[in-house]
1. From the list ALA206, ALA184, ALA138, which residue is touching a residue at least 60 places away in the same chain (Cβ under 8 Å) and outside any helix (DSSP H, G or I)?
2. Quick one: how many residues across region 91-118 are open to solvent by less than 10 Å² (accessible area, probe 1.4 Å), under 17 Å from GLY335 (Cβ atoms) and among the aliphatic types (A, V, I, L, M)?
3. Considering only region 210-268, state which residues are within 13 Å of ALA95 (Cβ to Cβ) and free of Cβ contacts under 8 Å to residues at least 60 places away in the same chain.
4. Considering VAL220, VAL216, which residue is assigned to a helix (DSSP H, G or I), open to solvent by 10 Å² or more (accessible area, probe 1.4 Å) and farther than 19 Å from VAL106 by Cα?
5. Every residue in region 298-325 that is open to solvent by 20 Å² or more (accessible area, probe 1.4 Å), touching a residue at least 12 places away in the same chain (Cβ under 8 Å) and in contact with a helix residue (DSSP H, G or I) (Cβ under 9 Å, 6 or more places away or on another chain), please.
6. Does region 53-65 include one or more residues that are at pLDDT 95 or above, more than 16 Å from the chain's Cα centre (by Cα) and not in a loop (DSSP other than H, G, I, E, B)?
7. Out of everything in region 89-111 that is part of a loop (DSSP other than H, G, I, E, B) and over 14 Å from the mean Cα position of the chain (by Cα), what residue ends up being nearest to VAL270 (Cα to Cα)?
8. Please return the ranges of helices (runs of 4 or more DSSP H) entirely within region 256-352 where 2 or more residues are touching an Asp or Glu at 6+ places or on another chain (Cβ under 8 Å).
Amino acid sequence: MEQDREISSIIDLKRKDSYFQVYIWALILTAIVVLSLYVGRFPITFKQLFSWIYSAITDWNSIKDDQLTFVLCNIRFPRILTAIVTGAALASAGAAYQGIFCNPMVSPDILGASTGAGFGAAIGILLSLPAFGIQFTAFTFGLIAVGLSVFITASVGRVYNVILVLVLAGMIVSSMFGSFIAVAKYIADPYRQLQEITFWLMGSLASIDTKSMKIVIPIVFIGIILLYCIRWRINIMTFGDEEAKALGVNTTAVRLIVIMAATLITSAVVSLCGQIAWVGLIIPHLSRMLIGPDYNKLLPLSMLMGGTYLLAVDDIARTAMQTEIPLGILTSLIGAPFFIYLLLRSGKRKYC
(Lines give C-alpha, C1' and ligand atoms only; values in the text may rest on other atoms or scores of the structure.)
Protein backbone atom coordinates (compact mmCIF):
# COMPACT_ATOMS: atom_id res chain seq x y z
CA MET A 1 0.00 0.00 0.00
CA GLU A 2 2.86 2.38 0.81
CA GLN A 3 4.39 1.71 -2.60
CA ASP A 4 1.02 2.37 -4.28
CA ARG A 5 0.82 5.79 -2.57
CA GLU A 6 4.30 6.70 -3.74
CA ILE A 7 3.48 5.66 -7.30
CA SER A 8 0.22 7.63 -7.22
CA SER A 9 2.12 10.77 -6.22
CA ILE A 10 4.54 10.33 -9.14
CA ILE A 11 1.78 10.05 -11.80
CA ASP A 12 1.03 13.41 -13.45
CA LEU A 13 -2.76 13.75 -13.23
CA LYS A 14 -4.11 16.07 -15.92
CA ARG A 15 -7.33 17.01 -14.06
CA LYS A 16 -8.02 17.49 -10.37
CA ASP A 17 -11.71 16.89 -10.93
CA SER A 18 -11.08 13.51 -12.55
CA TYR A 19 -13.77 11.62 -10.65
CA PHE A 20 -16.28 14.27 -11.68
CA GLN A 21 -15.60 13.26 -15.30
CA VAL A 22 -16.51 9.66 -14.44
CA TYR A 23 -19.82 10.75 -12.89
CA ILE A 24 -20.66 12.95 -15.88
CA TRP A 25 -20.06 10.12 -18.34
CA ALA A 26 -22.13 7.77 -16.20
CA LEU A 27 -25.04 10.22 -16.53
CA ILE A 28 -24.45 10.54 -20.28
CA LEU A 29 -24.50 6.76 -20.62
CA THR A 30 -27.79 6.60 -18.68
CA ALA A 31 -29.33 9.18 -21.01
CA ILE A 32 -28.15 7.27 -24.10
CA VAL A 33 -29.64 4.05 -22.68
CA VAL A 34 -33.06 5.72 -22.31
CA LEU A 35 -32.79 7.14 -25.83
CA SER A 36 -31.80 3.71 -27.17
CA LEU A 37 -34.88 2.15 -25.60
CA TYR A 38 -36.98 4.79 -27.36
CA VAL A 39 -35.59 4.66 -30.93
CA GLY A 40 -36.23 1.76 -33.28
CA ARG A 41 -38.55 0.30 -35.91
CA PHE A 42 -41.32 -0.35 -33.40
CA PRO A 43 -42.82 3.07 -32.54
CA ILE A 44 -42.80 3.99 -28.85
CA THR A 45 -43.67 7.37 -27.32
CA PHE A 46 -41.71 8.79 -24.39
CA LYS A 47 -44.88 8.66 -22.31
CA GLN A 48 -45.23 4.92 -22.97
CA LEU A 49 -41.55 4.34 -22.27
CA PHE A 50 -41.40 6.19 -18.95
CA SER A 51 -44.74 4.70 -17.88
CA TRP A 52 -43.37 1.22 -18.62
CA ILE A 53 -40.10 1.93 -16.75
CA TYR A 54 -42.04 3.24 -13.73
CA SER A 55 -44.30 0.18 -13.71
CA ALA A 56 -41.31 -2.15 -14.09
CA ILE A 57 -39.64 -0.55 -11.04
CA THR A 58 -42.70 -0.26 -8.80
CA ASP A 59 -45.04 -3.12 -9.77
CA TRP A 60 -44.10 -5.47 -12.61
CA ASN A 61 -47.51 -7.17 -12.55
CA SER A 62 -49.22 -3.86 -13.40
CA ILE A 63 -47.70 -3.83 -16.91
CA LYS A 64 -50.49 -4.41 -19.44
CA ASP A 65 -48.77 -3.96 -22.81
CA ASP A 66 -47.24 -7.35 -23.59
CA GLN A 67 -46.05 -6.27 -27.04
CA LEU A 68 -44.12 -3.31 -25.62
CA THR A 69 -42.64 -5.53 -22.91
CA PHE A 70 -41.50 -8.07 -25.50
CA VAL A 71 -39.82 -5.40 -27.67
CA LEU A 72 -38.04 -3.75 -24.75
CA CYS A 73 -37.01 -6.88 -22.82
CA ASN A 74 -36.26 -9.31 -25.65
CA ILE A 75 -34.98 -7.08 -28.43
CA ARG A 76 -33.79 -3.64 -27.35
CA PHE A 77 -32.44 -4.18 -23.85
CA PRO A 78 -30.23 -7.21 -24.73
CA ARG A 79 -28.80 -5.26 -27.66
CA ILE A 80 -28.20 -2.18 -25.50
CA LEU A 81 -26.47 -4.23 -22.83
CA THR A 82 -24.30 -5.98 -25.41
CA ALA A 83 -23.29 -2.66 -27.01
CA ILE A 84 -22.29 -1.24 -23.61
CA VAL A 85 -20.32 -4.33 -22.61
CA THR A 86 -18.60 -4.57 -26.01
CA GLY A 87 -17.60 -0.91 -26.06
CA ALA A 88 -16.40 -1.02 -22.45
CA ALA A 89 -14.45 -4.22 -23.09
CA LEU A 90 -12.65 -3.00 -26.20
CA ALA A 91 -11.84 0.37 -24.62
CA SER A 92 -10.43 -1.18 -21.43
CA ALA A 93 -8.36 -3.71 -23.39
CA GLY A 94 -7.00 -0.94 -25.63
CA ALA A 95 -6.14 1.27 -22.64
CA ALA A 96 -4.30 -1.58 -20.91
CA TYR A 97 -2.35 -2.49 -24.05
CA GLN A 98 -1.34 1.13 -24.64
CA GLY A 99 0.01 1.22 -21.09
CA ILE A 100 2.11 -1.94 -21.10
CA PHE A 101 3.40 -1.33 -24.64
CA CYS A 102 3.95 2.40 -23.89
CA ASN A 103 2.64 3.04 -27.38
CA PRO A 104 -0.44 5.13 -28.31
CA MET A 105 -0.86 3.28 -31.61
CA VAL A 106 -1.67 -0.05 -29.94
CA SER A 107 -5.19 -1.48 -30.11
CA PRO A 108 -6.80 -4.67 -28.71
CA ASP A 109 -6.14 -6.59 -31.93
CA ILE A 110 -2.40 -5.86 -31.95
CA LEU A 111 -1.56 -9.53 -31.24
CA GLY A 112 -4.00 -10.98 -33.75
CA ALA A 113 -7.05 -11.67 -31.58
CA SER A 114 -9.58 -10.08 -33.96
CA THR A 115 -8.10 -11.63 -37.10
CA GLY A 116 -7.84 -15.04 -35.46
CA ALA A 117 -11.46 -14.79 -34.31
CA GLY A 118 -12.46 -13.76 -37.82
CA PHE A 119 -10.86 -16.86 -39.25
CA GLY A 120 -12.54 -19.02 -36.62
CA ALA A 121 -15.91 -17.55 -37.55
CA ALA A 122 -15.18 -18.19 -41.24
CA ILE A 123 -14.38 -21.84 -40.45
CA GLY A 124 -17.63 -22.15 -38.49
CA ILE A 125 -19.62 -20.69 -41.39
CA LEU A 126 -17.90 -22.99 -43.91
CA LEU A 127 -18.79 -25.98 -41.72
CA SER A 128 -22.41 -24.73 -41.48
CA LEU A 129 -22.27 -24.67 -37.69
CA PRO A 130 -25.08 -23.09 -35.66
CA ALA A 131 -24.65 -19.60 -34.23
CA PHE A 132 -23.17 -20.86 -30.96
CA GLY A 133 -20.72 -23.08 -32.85
CA ILE A 134 -19.53 -20.11 -34.94
CA GLN A 135 -19.05 -18.05 -31.79
CA PHE A 136 -17.12 -20.87 -30.13
CA THR A 137 -14.74 -21.34 -33.08
CA ALA A 138 -14.24 -17.57 -33.30
CA PHE A 139 -13.39 -17.34 -29.59
CA THR A 140 -11.07 -20.36 -29.77
CA PHE A 141 -9.10 -19.12 -32.77
CA GLY A 142 -8.80 -15.67 -31.19
CA LEU A 143 -7.05 -17.31 -28.23
CA ILE A 144 -4.91 -19.43 -30.56
CA ALA A 145 -3.76 -16.38 -32.53
CA VAL A 146 -2.61 -14.51 -29.42
CA GLY A 147 -1.06 -17.68 -28.00
CA LEU A 148 0.95 -18.03 -31.20
CA SER A 149 2.16 -14.42 -30.91
CA VAL A 150 3.26 -15.00 -27.32
CA PHE A 151 4.96 -18.29 -28.29
CA ILE A 152 6.97 -16.54 -31.03
CA THR A 153 7.97 -13.82 -28.59
CA ALA A 154 9.01 -16.33 -25.93
CA SER A 155 11.18 -18.12 -28.49
CA VAL A 156 13.18 -15.04 -29.56
CA GLY A 157 12.38 -12.43 -26.91
CA ARG A 158 15.61 -12.93 -24.98
CA VAL A 159 17.66 -11.78 -27.93
CA TYR A 160 15.61 -8.73 -28.93
CA ASN A 161 13.43 -6.15 -27.17
CA VAL A 162 10.36 -7.98 -25.85
CA ILE A 163 7.85 -5.27 -26.76
CA LEU A 164 9.22 -4.96 -30.29
CA VAL A 165 9.09 -8.74 -30.80
CA LEU A 166 5.52 -8.90 -29.45
CA VAL A 167 4.35 -6.22 -31.89
CA LEU A 168 6.15 -7.85 -34.83
CA ALA A 169 4.83 -11.28 -33.88
CA GLY A 170 1.31 -9.85 -33.70
CA MET A 171 1.70 -8.35 -37.16
CA ILE A 172 2.91 -11.67 -38.55
CA VAL A 173 0.09 -13.64 -36.95
CA SER A 174 -2.53 -11.09 -38.06
CA SER A 175 -1.23 -11.23 -41.62
CA MET A 176 -1.23 -15.03 -41.57
CA PHE A 177 -4.80 -15.33 -40.31
CA GLY A 178 -5.87 -12.58 -42.70
CA SER A 179 -4.59 -14.78 -45.51
CA PHE A 180 -6.51 -17.72 -44.06
CA ILE A 181 -9.68 -15.60 -44.11
CA ALA A 182 -9.03 -14.78 -47.78
CA VAL A 183 -8.70 -18.51 -48.54
CA ALA A 184 -11.95 -19.21 -46.67
CA LYS A 185 -13.72 -16.55 -48.73
CA TYR A 186 -12.28 -18.00 -51.94
CA ILE A 187 -13.62 -21.50 -51.29
CA ALA A 188 -16.93 -20.37 -49.76
CA ASP A 189 -20.24 -20.72 -51.56
CA PRO A 190 -20.63 -17.28 -53.22
CA TYR A 191 -24.43 -17.30 -52.86
CA ARG A 192 -24.60 -17.97 -49.13
CA GLN A 193 -21.41 -18.60 -47.17
CA LEU A 194 -19.37 -15.77 -48.72
CA GLN A 195 -22.09 -13.27 -47.85
CA GLU A 196 -22.28 -14.56 -44.28
CA ILE A 197 -18.50 -14.35 -43.81
CA THR A 198 -18.34 -10.85 -45.27
CA PHE A 199 -21.23 -9.59 -43.16
CA TRP A 200 -19.83 -11.17 -39.99
CA LEU A 201 -16.44 -9.53 -40.52
CA MET A 202 -18.14 -6.10 -40.78
CA GLY A 203 -19.47 -6.40 -37.23
CA SER A 204 -23.07 -6.15 -36.07
CA LEU A 205 -25.30 -6.48 -33.00
CA ALA A 206 -28.34 -7.51 -35.04
CA SER A 207 -28.24 -11.21 -34.15
CA ILE A 208 -27.62 -10.90 -30.40
CA ASP A 209 -29.37 -13.51 -28.25
CA THR A 210 -29.54 -13.89 -24.48
CA LYS A 211 -27.96 -17.37 -24.53
CA SER A 212 -24.74 -16.04 -26.06
CA MET A 213 -24.76 -13.02 -23.75
CA LYS A 214 -24.90 -15.23 -20.66
CA ILE A 215 -21.67 -16.92 -21.79
CA VAL A 216 -19.75 -13.95 -23.17
CA ILE A 217 -20.51 -11.26 -20.57
CA PRO A 218 -19.04 -13.23 -17.60
CA ILE A 219 -15.85 -13.82 -19.62
CA VAL A 220 -15.62 -10.09 -20.32
CA PHE A 221 -16.16 -9.24 -16.65
CA ILE A 222 -13.39 -11.64 -15.61
CA GLY A 223 -10.98 -9.92 -18.00
CA ILE A 224 -11.98 -6.43 -16.85
CA ILE A 225 -11.65 -7.37 -13.18
CA LEU A 226 -8.16 -8.76 -13.84
CA LEU A 227 -7.13 -5.49 -15.51
CA TYR A 228 -8.58 -3.36 -12.72
CA CYS A 229 -6.87 -5.43 -10.02
CA ILE A 230 -3.43 -4.69 -11.51
CA ARG A 231 -4.13 -1.07 -12.48
CA TRP A 232 -1.31 0.20 -10.25
CA ARG A 233 1.16 -2.12 -11.94
CA ILE A 234 0.02 -0.87 -15.35
CA ASN A 235 0.71 2.66 -14.08
CA ILE A 236 4.28 1.65 -13.34
CA MET A 237 4.68 -0.12 -16.68
CA THR A 238 3.99 3.15 -18.51
CA PHE A 239 7.41 4.37 -17.28
CA GLY A 240 9.14 1.56 -19.18
CA ASP A 241 10.56 -1.81 -18.21
CA GLU A 242 13.73 -0.60 -16.52
CA GLU A 243 11.94 1.86 -14.25
CA ALA A 244 9.24 -0.71 -13.46
CA LYS A 245 11.83 -3.34 -12.52
CA ALA A 246 13.61 -0.80 -10.34
CA LEU A 247 10.33 -0.30 -8.47
CA GLY A 248 10.07 -4.04 -7.85
CA VAL A 249 7.51 -4.95 -10.51
CA ASN A 250 7.69 -8.28 -12.32
CA THR A 251 7.19 -6.85 -15.80
CA THR A 252 6.92 -10.26 -17.47
CA ALA A 253 4.13 -11.39 -15.15
CA VAL A 254 2.21 -8.10 -15.47
CA ARG A 255 2.51 -8.17 -19.26
CA LEU A 256 1.27 -11.76 -19.42
CA ILE A 257 -1.71 -11.00 -17.15
CA VAL A 258 -2.68 -8.00 -19.28
CA ILE A 259 -2.32 -10.00 -22.50
CA MET A 260 -4.39 -12.86 -21.05
CA ALA A 261 -7.14 -10.55 -19.79
CA ALA A 262 -7.25 -8.43 -22.95
CA THR A 263 -7.29 -11.55 -25.13
CA LEU A 264 -10.23 -13.01 -23.22
CA ILE A 265 -12.07 -9.70 -23.57
CA THR A 266 -11.32 -9.15 -27.24
CA SER A 267 -11.91 -12.74 -28.38
CA ALA A 268 -15.19 -12.92 -26.45
CA VAL A 269 -16.72 -9.73 -27.85
CA VAL A 270 -15.44 -10.36 -31.39
CA SER A 271 -16.96 -13.86 -31.31
CA LEU A 272 -20.28 -12.28 -30.35
CA CYS A 273 -20.34 -9.12 -32.50
CA GLY A 274 -17.74 -9.55 -35.23
CA GLN A 275 -14.83 -7.22 -35.90
CA ILE A 276 -15.44 -3.68 -34.59
CA ALA A 277 -12.54 -1.36 -35.32
CA TRP A 278 -11.18 1.81 -33.70
CA VAL A 279 -13.07 1.64 -30.39
CA GLY A 280 -10.08 0.25 -28.50
CA LEU A 281 -7.77 2.80 -30.12
CA ILE A 282 -9.51 6.18 -29.98
CA ILE A 283 -11.50 5.88 -26.73
CA PRO A 284 -8.43 5.41 -24.46
CA HIS A 285 -6.84 8.43 -26.18
CA LEU A 286 -9.87 10.59 -25.52
CA SER A 287 -10.17 9.34 -21.93
CA ARG A 288 -6.51 10.12 -21.28
CA MET A 289 -6.99 13.65 -22.60
CA LEU A 290 -9.92 14.18 -20.23
CA ILE A 291 -8.73 12.48 -17.07
CA GLY A 292 -4.98 11.92 -17.29
CA PRO A 293 -2.83 8.77 -17.31
CA ASP A 294 -3.70 7.31 -13.88
CA TYR A 295 -5.25 3.89 -14.59
CA ASN A 296 -7.14 4.01 -11.30
CA LYS A 297 -9.47 6.46 -13.06
CA LEU A 298 -8.54 5.92 -16.70
CA LEU A 299 -9.92 2.37 -16.85
CA PRO A 300 -13.39 3.24 -15.44
CA LEU A 301 -13.69 6.31 -17.68
CA SER A 302 -12.54 4.35 -20.75
CA MET A 303 -15.19 1.71 -20.06
CA LEU A 304 -17.93 4.32 -19.63
CA MET A 305 -16.91 6.24 -22.74
CA GLY A 306 -16.46 3.05 -24.78
CA GLY A 307 -19.91 1.79 -23.81
CA THR A 308 -21.51 5.17 -24.49
CA TYR A 309 -19.77 5.55 -27.86
CA LEU A 310 -20.61 2.11 -29.19
CA LEU A 311 -24.22 2.34 -27.98
CA ALA A 312 -24.66 5.70 -29.75
CA VAL A 313 -23.07 4.34 -32.94
CA ASP A 314 -25.32 1.27 -32.80
CA ASP A 315 -28.39 3.52 -32.51
CA ILE A 316 -27.27 5.26 -35.70
CA ALA A 317 -26.58 1.91 -37.38
CA ARG A 318 -30.09 0.60 -36.81
CA THR A 319 -32.07 3.77 -37.49
CA ALA A 320 -30.19 5.88 -40.07
CA MET A 321 -31.33 3.85 -43.10
CA GLN A 322 -34.02 1.39 -44.08
CA THR A 323 -31.54 -1.48 -43.79
CA GLU A 324 -29.15 -1.76 -40.87
CA ILE A 325 -25.61 -0.46 -41.42
CA PRO A 326 -22.83 -2.87 -40.30
CA LEU A 327 -21.35 -1.54 -37.08
CA GLY A 328 -17.72 -1.93 -38.17
CA ILE A 329 -18.29 0.40 -41.14
CA LEU A 330 -19.64 3.20 -38.95
CA THR A 331 -16.94 2.89 -36.28
CA SER A 332 -14.29 3.13 -39.00
CA LEU A 333 -15.95 6.09 -40.71
CA ILE A 334 -16.21 7.94 -37.40
CA GLY A 335 -13.02 6.67 -35.78
CA ALA A 336 -10.43 7.34 -38.49
CA PRO A 337 -11.12 11.11 -38.95
CA PHE A 338 -11.49 11.56 -35.19
CA PHE A 339 -8.16 9.84 -34.58
CA ILE A 340 -6.50 12.21 -37.06
CA TYR A 341 -7.99 15.08 -35.04
CA LEU A 342 -6.61 13.63 -31.81
CA LEU A 343 -3.14 13.27 -33.33
CA LEU A 344 -3.18 16.87 -34.59
CA ARG A 345 -4.35 18.11 -31.20
CA SER A 346 -1.80 16.09 -29.27
CA GLY A 347 1.06 17.38 -31.43
CA LYS A 348 4.44 16.25 -30.20
CA ARG A 349 3.39 15.68 -26.61
CA LYS A 350 5.21 12.74 -25.07
CA TYR A 351 2.99 9.76 -24.37
CA CYS A 352 4.77 8.07 -21.49
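1. Working: ALA184 fails: outside any helix (DSSP H, G or I); ALA138 fails: outside any helix (DSSP H, G or I).
Criteria check complete, one pass: ALA206.
2. So the count comes out to 4.
3. Start the filter on region 210-268 by keeping residues that are within 13 Å of ALA95 (Cβ to Cβ), which leaves 223-224, 227-228, 230-231, 234-235, 237-238, 258, 261-262, 265-266.
Result: ILE230, single match.
4. Every option except VAL216 fails the conditions.
5. To start, the set of residues in region 298-325 that are open to solvent by 20 Å² or more (accessible area, probe 1.4 Å) comprises 300, 303-304, 309, 312, 316, 318-325.
Subset that is touching a residue at least 12 places away in the same chain (Cβ under 8 Å): 300, 303-304, 309, 312, 316, 318-319, 324.
Matches in region 298-325: PRO300, MET303, LEU304, TYR309, ALA312, ILE316, ARG318, GLU324.
6. First, pick out the residues of region 53-65 that are at pLDDT 95 or above: none.
Within region 53-65, none of the residues are at pLDDT 95 or above, more than 16 Å from the chain's Cα centre (by Cα) and not in a loop (DSSP other than H, G, I, E, B).
7. First, the residues of region 89-111 that are part of a loop (DSSP other than H, G, I, E, B): 102-111.
Then drop every residue that is not over 14 Å from the mean Cα position of the chain (by Cα), which leaves 102-105, 111.
On the way: CYS102: 24, ASN103: 23, PRO104: 22, MET105: 20, LEU111: 14 Å.
Taking the candidates together, the pick is LEU111.
8. Details: elements: 279-291, 295-319, 327-346.
Fully inside region 256-352 and qualifying: 295-319.
The values are calculated or read from the model by the stated rules, or taken from the named source; none is laboratory data. In this text the structure is predicted, and so the values were computed from the model without any measurement. For neighbour counting, all protein chains shown are included, and Cβ atoms are generated from backbone atoms with ideal geometry for every residue, glycine included. Only protein heavy atoms, including side chains, enter the accessible area calculation; ligands, DNA and RNA are left aside. Shrake-Rupley method; radii C 1.70, N 1.55, O 1.52, S 1.80 Å.
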